[in-house]
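Taking it in order: structure first as structure tokens, then the write-up.
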Amino acid sequence: MQHIKNYINGQLLDPISKKYLDNFCPSTGKVYSYIPDSDAQDVEIAYQAANQAFIGWSNTPKEKRANYLIEISRLIEKHLDKLALAESIDNGKPLKLAKTIDIPRAADNFHFYGTGILHYASHAHSMENSAINYTLRQPIGVAGCISPWNLPLYLFSWKIAPALAAGCTVVAKPSEVTPMTAFLLSEICIEAGLPPGVLNIVHGLGNKVGEAIVSHPGIPLISFTGGTSTGKTIASIAAPMFKKLSLELGGKNPNIIFADCDYEKMLSSTMRSSFSNQGQICLCGSRIFIERSIYEKFKLDFISKTKALLVGNPIEDKTNIGAIVSKEHQQKILSYIELAKTEGGKIICGGKAKIVDGDFEGGYFIEPTIIEGLKYNCRSNQEEIFGPVVSITPFDSEEEALMMANSTIYGLAGIVWTENLTRAHRLANNLKAGIVWINCWLLRDLRTPFGGVKASGVGREGGFEGLDFFTEPKNVCIKF
Ligand code: NAD
């Protein structure tokens, strides 16, 4: 069976301890490869390599840095089929999703920042006839990048690409639950001729490798995507060390549907925003609020479409819903369904683990689940479940919908369906979220700021904001 390796100083290495962890395939429940169980020693050599490479990389002309990133993007496209299959096996997501969303977006991330850095400029502030200020934007140093399992290569590259483009070198840790495409990215970086030490990938557990990165005194900035409670731990370590932090955390996003919406568009998009990637996208709209006059119609149509979703072998083209990423996560989702029942929720579709026959008997599948009758402020409607589970709730007025939408500790995204332009703008203004989609979902322009408010995070990724994060502004004032 394959042993995944760390990528340090341009080489593929065993962990110093020589210890490995099991890597499970979620659709079969079987171990299919091994992950380095790295620790602080591996992080230290990765840091040393990144630190040594920093002077050379940060002084490499941006055009040359751009070329490396664009070449990595090209190689991701060249290996798209292999990467997509690896992502599907490792994560449980449908292969067609990995092929059309995850891997193309990883290639786009490198291409976007490879070209973006060429257009990144800083400001000058003239003081009439007496002086001029100009702002340098200098790469900060060795960046720590830590990413989750739900969109493995997509989110990993969304951090690494702007860091490298800005001139930082990187020590990165993918999720131990889905390490495979990060490993394949190491091979691609070698193929692209990326200079040794510029990117280092250390595999292993969050509380060992992740914490060693976060607490390393030589790593002055941390870009993290993952759960809110992990974000809290990271902030508690990094803040007293005065590290620059970008935290992209959990969500419990509202999907607000008005009776005047374009119904068919809303319904097909709501299917995606509810169940894509088994509901394991931080931007999924897991709390659906429907104007009462169309509630019953919506409920029947939504149930009928959800019942038609095919849960099973992620590799097959006809599969809509693959496996949940891990046994632990499957159990967590199922426990929330049980909690919802005790809170007065009625399961009107799904609600159970799904047994898929044959090779997939041991896989971690869950039926797409719809719950109604929950109070907007009960735990199962307030806490992030992060699975193929949504609640539906009727509302009578815009004010009520907004109050329920804004009632959680989270504030990542909001979705609104209405043909009333004034109402659309009003809700966009009043929703407490970093991102609002009106009459669409997950439509992304990579130039836009991406991130959340409240417990959904601190800081923004995307566009020049990503490059701002990985650079430090320094003002220079010259008196005439
Ligand atoms: P997680 O917080 O468990 O793990 C994320 C990463 O952090 C992993 O690489 C993990 O090993 C590492 N980690 C864990 N403990 C650590 C520690 N003490 N110190 C340093 N690193 C540590 O999250 P997950 O379960 O992998 O991902 C799901 C969560 O991510 C959900 O809450 C989801 O909403 C969130 N998410 C947010 C966004 C966003 O952009 N806001 C995007 C995707 C996922």
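The values are calculated or read from the model by the stated rules, or taken from the named source; none is laboratory data. Quantities reported herein were computed from a predicted structural model and do not represent experimental measurements. We place every Cβ from the backbone using ideal geometry, glycine too, and count neighbours over all the protein chains shown. Calculation scope for accessible area: heavy atoms of the full protein, side chains included, ligands and nucleic acids excluded. Shrake-Rupley method; radii C 1.70, N 1.55, O 1.52, S 1.80 Å.
The amide H of residue 436, built 1.01 Å from its N in the peptide plane, has 414 as neighbours under 5 Å, considering only residues 5 or more places off or on other chains.
Ranking 409, 371, 347 by Cα position along the charge dipole of segment 344-431, where only Lys, Arg, Asp and Glu carry charges on their C-beta atoms, puts 409 farthest toward the positive end. Each Lys and Arg adds +1 at its Cβ and each Asp and Glu adds -1 at its Cβ; summed about the Cα centre, the chain shows a dipole of about 480 debye.
Averaged per residue, the chain has 39 square angstrom of accessible surface, using a 1.4 angstrom probe with ligands and nucleic acids left out. Scalar couplings 3J(HN,Hα) for segment 334-345, obtained by applying the Karplus form with A = 6.51, B = -1.76, C = 1.60 to θ = phi - 60°, are 4, 5, 5, 5, 5, 4, 4, 4, 5, 8, x, x Hz; x denotes Gly and Pro. A straight Cα-to-Cα reach below 15 Å connects residue 30 with the aspartates and glutamates 22, 90, 328, 357, 359, 361, residues fewer than 8 places away in its own chain not being considered.
Going by average Cβ density within 10 Å per residue, which order do the peptides 36-49, 127-140 take, highest to lowest? Show your work: numbers first, answer last.
Working: 36-49: 22.1, 127-140: 13.3.
Put in order of decreasing packing, that is 36-49, 127-140.
How would you order 206-216, 144-154 from highest to lowest mean count of nearby Cβ atoms within 10 Å? Intermediate values should be presented prior to the final figure.
Working: 206-216: 21.1, 144-154: 26.4.
Packing order, densest peptide first, comes out as 144-154, 206-216.
In summary, the aspartates and glutamates within cross-link reach of residue 243, defined as a Cα separation below 20 angstrom excluding same-chain residues under 8 places away, comprise 44, 211, 461, 465, 468, 472. Between the alpha-carbon centres of segment 195-262 and segment 48-88 there is a gap of 21 Å. Of the trypsin sites (Lys or Arg not before Pro) found in segment 1-91, those in coil by DSSP whose Cβ has at most 14 other Cβ atoms within 10 Å are 18, 19. Straight Cα distances below 27 angstrom link residue 299 to the lysines 93, 252, 265, 307, 318, 332, 341, 346, 352, 354, 375, 432, with same-chain residues fewer than 8 positions distant left out.
Its Cα centre serving as origin, segment 417-480 has a Cβ charge dipole (Lys and Arg +1, Asp and Glu -1) of approximately 220 debye. Extending 7 Å from the Cα toward the beta-carbon at both residue 138 and residue 377 defines two label points whose distance is 5.1 nm.
In terms of packing, defined here as the mean over residues of other Cβ atoms within 10 angstrom, the peptides 92-103, 296-307 line up highest first as 92-103, 296-307.
Simple spin-label model, 7 Å along Cα-to-Cβ: residue 14 to residue 81 in nm? Each label point is offset 7 Å from its Cα along the Cβ direction, giving 3.4 nm.
Relative contact order for the chain: 19 percent, from Cα pairs under 8 Å spaced at least 6 residues apart, divided by residue count. Rounded to the nearest 0.05, what FRET efficiency do residue 335 and residue 420 have when you use their Cβ-Cβ distance and R0 = 51 Å? The value I calculate is 0.80.
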